[in-house]
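Novice: Structure incoming, see below.
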Amino acid sequence: MMPEQFPEQIRDLLIPKPSGRLIYRCLGCNSEFGIDQLLYTCPECGRVLLLYDDQFHRLKTIPPERWRQLFDYRAMLTLPALKGIYRYHEFIGPVIPLDAVVYLGEGHTPVVEANAHLQACVGMRFFYKNDGQNPSGSFKDRGMASALSYINFLIQSGQATDILAVCASTGDTSAAAALYAAYLRPHIKSAVLLPHKKVTPQQLSQPLGSGARVYEIPGVFDDCMKVVEALSEQYEVALLNSKNAWRILGQESYSYEIAQAFEYDMADKVVVVPIGNAGNITAVMSGFIKFYQIGLISDLPLIVGVQSAHADPVYQYYREPDVDKRCFKAQTVRPSVAQAAMIGNPVSMPRVIRLVDSYNEMAGRQRIHFIQVSEQEIMDWHLRANKNGHIACTHGGESLAGLKQAVDRGLVDRSTVAVVDSTAHALKFSGFQDMYFENAMPPEFEVTPDPRLINAPVYLHPDHLDQFPAPGKPLAGPAFDLFVKAVTEAIADDLNLSPKHARKG
Ligand SMILES: *Cc1c(COP(=O)(O)O)cnc(C)c1O
Ligand SMILES: [Zn+2]
C-alpha cells in the first residue's frame, strides 16, 4: 500500500524521521552520557547502562489511539526499514534514520495458539510466540538489528570505520551477531567467543557460515564473557553482547508485538520468558513500561521469568521475600538442556533489579514472578509442546514448564491468557531430543526419559527378501514388486491398518 492511500490523519507520521535524544544512563550512579561513542559500562563507576530517550514525553502529544492506528497501518507499508522492529521506530531507536536500518527479516514472529489438548495439560489458554522464526533462528536477531543499525548509522555518518564486532555467546548471540555483521561487509568484521563444546553443532555452524572468526575457549559462557569484557575495555572493538544497551532497545520489540497482537489489551495477559544473561527479560519489562507510560496499554501484563535449577541465580535472588535481605550471588552453573541460558552471573542483573521495582511500583502490585524448573520438566514440556504441533526449543520448553508450575501454584490465574516465549527454533537444539529419545542423557543433566515421549525411526528391511534397492542401484521388475509388497505389508501390519473394502458397482 502506498503512503497516499493511508488515512489523512496519520499520513505525516507514517514514515518516521529521526527524532528524540537518546542518552546512556548508568544504573549505578545515574550519570548520563551521549551516544556519539559506543559505551558498554559507565566510565564513572563501571556499572551497566541503559538507553533512555530524553524527550520521551513528546510521544504523549500523539494520542494512544493514533499510535495504535499508526502501527497497524505501518504493517501494510512495503518499506523494508519499517518491516521489522522499526515499525516501533519512535520507541526502539528514534534517532536512527531509516536508511541506516538493517533489516534481515527479524521481528513480527508468529503467535500460535496451543491446541485444546496442550492447553488442558497446562490448565489454561496460551499461545507460543515463535521467536525461533527470526532469521538466525532466535530472538537475538531483534537486538542485533538494533545494535547493527546504530553502528551502520555511525558508519554512514562518518563517525566510525572498519569496525571489529565481538561477542561472547552461548550460541545464539554469535549466530545473530555474525549474520548481521556479514550483511554489513566490508565495513564490519566479526569475531565470536564460544565455550568449547557448550554450543550445539547447528549453532557453531552459523557464525562459521557467516564468515566470522570463531574462537572456542575452555570453560562456560561466564568465562567467555570475562575475556570479551577485557577485550572491549582494552581494545577498539564493538561489543555485541546484551551489555550493549542497543541490544536491549531492539529486544523491546517483543513486548510491542505482543501488545499489538492482542489489541493492546494486557489486563489478563501473562508473558513467560526464560532467563539466562537476563537481557531479554530486561527488554520485555522495559518495552511494556514504555507502552504503559504513553498510554498504549492501560495495564502491565504479568511477567513470569523462568530458570533451570542448574542455572538459577535470578530465581535465588528473588526467593528471599524480604527486599532488604536480598543479596545477589553469582553461581557455578551445571549442565542444562536450556544451554543458551546456562549463565551463573547475568550481566543484566542490575537492570533486572531496577526494572522489577519500577514495574511492580507502576502496576501497584506484584506483577513479576520468578520460577525455577528442573531439567526433567524442561525436557518433558519441550517434547510435549512439539508433539502438539509447536517448534519450541528447549528454552521454549523451559518457559512452558514455568507456566505450568505458576498455574499449579496459583501464581497465574487460569482464566487469563499466556504468551510463552520459544526463544529459538527447535532445530538448533535437536541434539537434546536425540539424547532423550536414545536414552542417552548424560547423568549430570538429571533427566530420565519418559517412554511415552520417546520416538524413534523404524527400520524396515524385510529379511525374507534377497534384493533391496540402494542409492545408485535401483531395483526393477519382479524384484522391485516383491520389495514394494513386503514393505507395504510391514507398514500395514505395524500401523494395524484395515484393508480397503472393494468398491461396489
Ligand atoms: C540468549 C538466549 C536465552 C537467554 O536470554 P537472556 O537475554 O540471556 O536472558 C534464552 N533462550 C535462547 C534460545 C537464547 O538464545
Ligand atoms: Zn555509573
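The values are calculated or read from the model by the stated rules, or taken from the named source; none is laboratory data. Every value quoted in this text rests on a predicted model; they were computed, and no experiment measured them. A quick note on method: Cβ atoms are made from the backbone with ideal geometry, for glycine too, and the neighbour counts reach across all protein chains shown. Remember, those area values only see protein heavy atoms, side chains included, never the ligands or the DNA or RNA. Shrake-Rupley method; radii C 1.70, N 1.55, O 1.52, S 1.80 Å.
Novice: Has the stretch 220-228 got any residue that is away from ligand 1 (no atom under 12 Å from the Cβ), surrounded by fewer than 17 Cβ atoms within 10 Å (Cβ to Cβ), closer than 24 Å to I163 by Cβ and of a type in the set (D, E, K, R)?
Specialist: yes
Novice: Just checking, does the stretch 108-120 include any residue being within 15 Å of Y180 (Cβ to Cβ) and touching a residue at least 24 places away in the same chain (Cβ under 8 Å)?
Specialist: Filtering the stretch 108-120 down to residues within 15 Å of Y180 (Cβ to Cβ) leaves none.
Taking every residue of the stretch 108-120 in turn, none turns out to be within 15 Å of Y180 (Cβ to Cβ) and touching a residue at least 24 places away in the same chain (Cβ under 8 Å).
Novice: Shifting gears a bit: How about the stretch 327-368: which of its residues are under 25 Å from D408 (Cβ atoms) and free of Cβ contacts under 8 Å to residues at least 40 places away in the same chain?
Specialist: Answer for the stretch 327-368, where residues must be under 25 Å from D408 (Cβ atoms) and free of Cβ contacts under 8 Å to residues at least 40 places away in the same chain: N360, R365, Q366.
Novice: Step by step: first the residues of the stretch 313-351, then only those that are under 12 Å from E398 (Cα atoms) and of a type outside the set (A, V, I, L, M), then the one that is most open to solvent (accessible area, probe 1.4 Å). Which residue is that?
Specialist: Top of the filtered list is Q339.
Novice: Would you confirm, using the coordinates I've provided, whether L49 is near ligand 2 (Cβ under 10 Å from one of its atoms) and touching a helix residue (DSSP H, G or I) at 6+ places or on another chain (Cβ under 7 Å)?
Specialist: Working: near ligand 2 (Cβ under 10 Å from one of its atoms): yes; touching a helix residue (DSSP H, G or I) at 6+ places or on another chain (Cβ under 7 Å): yes.
Spelling it out, L49 is indeed near ligand 2 (Cβ under 10 Å from one of its atoms) and touching a helix residue (DSSP H, G or I) at 6+ places or on another chain (Cβ under 7 Å).
Novice: Does the stretch 26-37 contain at least one residue that is within 25 Å of the chain's Cα centre (by Cα), away from ligand 2 (no atom under 16 Å from the Cβ) and under 30 Å from V166 (Cα atoms)?
Specialist: Looking for residues that are within 25 Å of the chain's Cα centre (by Cα), away from ligand 2 (no atom under 16 Å from the Cβ) and under 30 Å from V166 (Cα atoms), one finds none in the stretch 26-37, hence no.
Novice: Could I ask something else about it? Tally up the residues in the stretch 111-138 that are in a loop (DSSP other than H, G, I, E, B) and farther than 17 Å from H395 by Cα, please. Before the answer, list the steps.
Specialist: From the stretch 111-138, those in a loop (DSSP other than H, G, I, E, B) are 114-115, 123-124, 134-137; that's our starting set.
Okay, now just the ones that are also farther than 17 Å from H395 by Cα, so 115, 123-124, 135.
Residues flagged as in a loop (DSSP other than H, G, I, E, B) and farther than 17 Å from H395 by Cα within the stretch 111-138 amount to 4.
Novice: It is to be established whether one or more residues within the stretch 280-296 are in a loop (DSSP other than H, G, I, E, B) and crowded, with 19+ Cβ neighbours inside 10 Å.
Specialist: Looking for residues that are in a loop (DSSP other than H, G, I, E, B) and crowded, with 19+ Cβ neighbours inside 10 Å, one finds at least one in the stretch 280-296, hence yes.
Novice: Go through (1) outside any loop (DSSP other than H, G, I, E, B); (2) on the phi > 0 side of the Ramachandran plot for G20 and report which single condition fails.
Specialist: (1)
Novice: Which of the following residues is of a type in the set (K, R), more than 15 Å from ligand 1 (Cβ to nearest atom) and free of Cβ contacts under 8 Å to residues at least 40 places away in the same chain: R409, R384, R414? Don't jump to the end; show me each part of the working.
Specialist: Working: R384 fails: free of Cβ contacts under 8 Å to residues at least 40 places away in the same chain; R414 fails: free of Cβ contacts under 8 Å to residues at least 40 places away in the same chain.
Step by step, each of R409, R384, R414 is checked, and only R409 is of a type in the set (K, R), more than 15 Å from ligand 1 (Cβ to nearest atom) and free of Cβ contacts under 8 Å to residues at least 40 places away in the same chain.
Novice: Given the structure, is E361 in the same structural domain as I289 (by TED's automatic domain parsing) and open to solvent by 10 Å² or more (accessible area, probe 1.4 Å)?
Specialist: Here the answer is yes, as E361 does meet what is asked.
Conditions tested, residue by residue: (1) under 15 Å from K243 (Cα atoms); (2) within 16 Å of ligand 1 (Cβ to nearest atom); (3) touching a Cys at 6+ places or on another chain (Cβ under 6 Å).
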{"site": "K17", "(1), (2), (3)": "no, no, no"}
{"site": "G20", "(1), (2), (3)": "no, no, no"}
{"site": "Y24", "(1), (2), (3)": "yes, no, no"}
{"site": "E32", "(1), (2), (3)": "no, no, no"}
{"site": "D36", "(1), (2), (3)": "no, no, no"}
{"site": "Y40", "(1), (2), (3)": "yes, yes, no"}
{"site": "E44", "(1), (2), (3)": "no, no, yes"}
{"site": "R47", "(1), (2), (3)": "yes, no, yes"}
{"site": "L50", "(1), (2), (3)": "yes, yes, no"}
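Novice: Go through (1) touching a strand residue (DSSP E or B) at 6+ places or on another chain (Cβ under 7 Å); (2) open to solvent by less than 10 Å² (accessible area, probe 1.4 Å) one by one and return the number of the condition I217 breaks.
Specialist: For I217, the exception is condition (2).
This table checks each residue for (1) at pLDDT 95 or above; (2) within 24 Å of N115 (Cα to Cα); (3) open to solvent by less than 80 Å² (accessible area, probe 1.4 Å); (4) out of contact with any strand residue (DSSP E or B) (no Cβ under 6 Å at 6 or more places or on another chain).
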position: H395; (1), (2), (3), (4): yes, yes, yes, no
position: A401; (1), (2), (3), (4): yes, yes, yes, no
position: G410; (1), (2), (3), (4): yes, yes, yes, yes
position: F429; (1), (2), (3), (4): yes, yes, yes, yes
position: M435; (1), (2), (3), (4): yes, no, yes, yes
position: F483; (1), (2), (3), (4): yes, no, yes, yes
position: V487; (1), (2), (3), (4): yes, no, yes, yes
position: D494; (1), (2), (3), (4): yes, no, no, yes
position: G505; (1), (2), (3), (4): no, no, no, yes
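Novice: Still on this structure, please answer the following. Can you tell me which residue is nearest to L411 (Cα to Cα) among those in the stretch 369-383 that are open to solvent by 10 Å² or more (accessible area, probe 1.4 Å) and not hydrophobic (A, V, I, L, M, F, W, C)?
Specialist: Filtering first and then ranking leaves H369.
Novice: Residues I155, I163: which one is touching a His at 6+ places or on another chain (Cβ under 6 Å), more than 10 Å from ligand 1 (Cβ to nearest atom) and open to solvent by 10 Å² or more (accessible area, probe 1.4 Å)? Break it down stepwise before answering.
Specialist: Details: I163 fails: touching a His at 6+ places or on another chain (Cβ under 6 Å).
One residue alone meets the criteria, I155.
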